Amino acid sequence: MTIQTGEQIPAIDFKVMSSEGPETFNLSQRCQGKKVVLFAVPGAFTPGCSKTHLPGFVNLAESIKAKGVDEIICTSVNDAFVMGAWGEAQGAKAITMAADGNGELAKALGLTLNARAHGMGERSQRYAMIIDNGTVGYIGVDEKGIDVSSAETVLAQL
């Protein structure tokens, strides 16, 4: 079952790159007492994700944070090394690039995507959510394209 507004974000651990190498943080703990925008993409370095989805958040990060957002997190079923390199390549300094390497968050949210036909295995669907103090306040899951999970849509929801 897909997570709904009003529900608590699960306590899933992410990996992020630091100058010391991969580090771990717990999503539920990270969201406590904060307003967080979390968005997921099917794959780092893939066309829609690299040309539209992530760049939208990079370009609007300042405007999103000006609406009271403490952190913007991008996640994908990729490892921390790939997410770190993708963030660097995209100039995503204002965005936490979090690896859901085993797809644990995608599974816990009920938002997996079977991309085996494209040689990508099981991935995350494309979505965005606004999390306030650990509770989902908005969730937009895109079936096709990048619409309800775009940076522009998230900004309008804040």
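So the values come out like this:
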| read-out | value |
| --- | --- |
| Selected residue (only one of Phe45, Phe57 is touching a residue at least 12 places away in the same chain (Cβ under 8 Å) and open to solvent by less than 10 Å² (accessible area, probe 1.4 Å)) | Phe57 |
| Residue among Val136, Val77 that is hydrophobic (A, V, I, L, M, F, W, C), under 17 Å from Leu155 (Cα atoms), open to solvent by less than 50 Å² (accessible area, probe 1.4 Å) and in contact with a Gly (Cβ under 8 Å, 6 or more places away or on another chain) | Val136 |
| Residue that is surrounded by the most Cβ atoms within 10 Å (Cβ to Cβ) [pool: residues in segment 90-113 that are without any contact (Cβ under 8 Å) to a residue 40 or more places away in the chain and within 22 Å of Thr52 (Cβ to Cβ)] | Ala92 |
| Every residue from segment 92-103 that is more than 13 Å from the chain's Cα centre (by Cα) and farther than 15 Å from Ser18 by Cα | Asn102 |
| Identity of the residue in segment 1-31, β-branched (Val, Ile, Thr) and part of a loop (DSSP other than H, G, I, E, B), that ends up surrounded by the most Cβ atoms within 10 Å (Cβ to Cβ) | Ile9 |
| Residue match in segment 80-98 (condition: among the charged types (D, E, K, R) and farther than 16 Å from Gln125 by Cα) | yes |
| Hey, Gly145 open to solvent by 20 Å² or more (accessible area, probe 1.4 Å), more than 23 Å from Gly33 (Cα to Cα) and either at pLDDT below 90 or in a loop (DSSP other than H, G, I, E, B) (or both) or not | yes |
| First in segment 10-24 and within 17 Å of Ala92 (Cα to Cα), second anywhere and polar (S, T, N, Q) and open to solvent by 40 Å² or more (accessible area, probe 1.4 Å), Cβ under 7 Å, 6 or more apart | Lys15/Thr24 |
| Residue among Asn78, Asn102, Asn133 that alone is closer than 17 Å to Cys31 by Cβ and of a type in the set (S, T, N, Q) | Asn133 |
| Those residues of segment 1-36 which are over 14 Å from Ile130 (Cβ atoms) and among the small types (Gly, Ala, Ser), in sequence order | Ala11, Ser18, Ser19, Gly21, Ser28, Gly33 |
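The values are calculated or read from the model by the stated rules, or taken from the named source; none is laboratory data. Just so you know, these numbers come straight off a predicted model, no measurement behind them. Note that each Cβ is placed from the backbone with ideal geometry, even for glycine, and that neighbours are counted across all protein chains shown. For accessibility, only protein heavy atoms count, side chains too; no ligands or nucleic acids. Shrake-Rupley method; radii C 1.70, N 1.55, O 1.52, S 1.80 Å.
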